[in-house]
Amino acid sequence: MTSRALSSTLKHIGTTTLAWIVAALLFSLVRLYGVEEELVYTRVAANRSIWQLILIQGLVAGTSFGIIFGLMERALKHKTFRKTSYAVIILIRLVGHLIFTLLISSLLFLISAKMSGQYEIDHVGKFILNSSFSKTAPVILIYTAFVSILFGLIRQTDAMFGPGVLRNLIVGKYHHPKEEERIFMFLDLKSSTTYAERLGHILYSELIQDCFYDLTDALQEHEVEVYQYVGDEAVLTWHVPQGLKNGNCLGAFFTFEQTIQARADYYFNKYDLVPVFKAGGNMGLVMTAEVGVVKKEIAYHSDVLNTAARIQSCCNPLGHRLLISEYLYNQLPMLPDYKFEEVGAVSLKGKIQKVNIFSVEPTTPLERKFEFSE
């Protein structure tokens, strides 16, 4: 696991744990506050308070649920499960939820019993078994199932909109158009018409699906936001600091290439070709606005996008896979892993003035095999 992947995993688990701690504290508060006189298992020692029990149970339950379910969710997002049916994923989650909830519930009962002076180390096994079949166990199961479903819906909605977009929609960040500087990359399948004619529409659709599945690692590693998928094209974007950091706006393309080449045998055996992509990058000011009522999304309006698309269209005539504007090139930090070559000023469709562009290649060439071209 790379350092970026590890950082992403830890961030995911941390966020999940925090959310579960809040949910567990809420459950403990609603369940325990004001009823300590009536429920036997909430009787605490003289030197304890009900607030201590609420806090301890909430922290223990939230941390346990957060770490375990966070790791489970992260594992289910691994490429091994990307094409697994939702029915199988739901079944795995259901079984895992049932087992871990009963174990954590037993731990909470042990904590309550210990704080009330009822804890006996010789009867731990029997205590765990009895607590798993107590009347409180199904209540905890139903509550945690509801919370899991709620968190799952939030994650799926966030995934559909793209990282950060749901949060911006909720807080209304772009309810009024806002000017900001961004980096854009138009990533397009090379020789797509030839691929489509050769494969037929069914296999061609599967090819596009496979390619964008394999784009996932690059998206996660290089802090990419996906603006749109349009046919065989993906429009990627970054806030400037994230895009320039470590050359993320370039690394995403070459990481994607490496992923494709690592699976070259799979593509060649299934499609009799290995897909090749081309890309154009640009940077500049855009107007960012929330659009739509029936289907809301964050939209970007600027000539910056048109220019990026036109730069990408120059890849085939100029014989390069990745071209970027001079403005983006000038903003990049020193990147010894890449070599740049000035292509020169080119005329772009729809633009009066010529645009100076640069080609980008990795310092260490990527070994390619089974490559198909027109």
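May I ask you to give the average projected area over all directions of the convex hull of the Cα atoms of the range 289-352, in nm² rounded to one decimal?
6.7
For the residue pair Ala345 and Glu179, what label-to-label distance in nm results when each label sits 7 Å from Cα along the Cα-to-beta-carbon direction?
Result for the modelled spin labels: 2.6 nm.
Extending each Cα 7 Å along its Cβ direction at Ile352 and Thr136, get the distance between those two points in nm, one decimal.
Those two pseudo-labels are separated by 7.6 nm.
What is the Cα radius of gyration of the range 240-374 over 2.2 N^0.38 Å, N being its residue count?
In units of the 2.2 N^0.38 Å rule of thumb, it is 1.18.
Summing +1 for each Lys or Arg and -1 for each Asp or Glu, what net charge is found among the other residues whose Cβ lies under 14 Å from the Cβ of Lys354?
Net local charge, Lys354 excluded: +1.
Could you compute how much accessible surface Phe27 exposes when probed at 1.4 Å, giving the result in Å² to the nearest 10?
Near enough 40 Å² of accessible area.
In whole Å, largest first, what are the principal axis extents of the Cα atoms in the range 188-278?
Projected onto the principal axes, the Cα atoms of the range 188-278 cover 41, 25, 17 Å.
The values are calculated or read from the model by the stated rules, or taken from the named source; none is laboratory data. Treat the numbers as computed from the prediction; the structure is a model and nothing was measured. Counting neighbours? That spans all protein chains shown, and the Cβs are built from the backbone with ideal geometry, glycine included. Accessible surface is based on the protein model in full, side chains and every heavy atom, while ligands, DNA and RNA are left aside. Shrake-Rupley method; radii C 1.70, N 1.55, O 1.52, S 1.80 Å.
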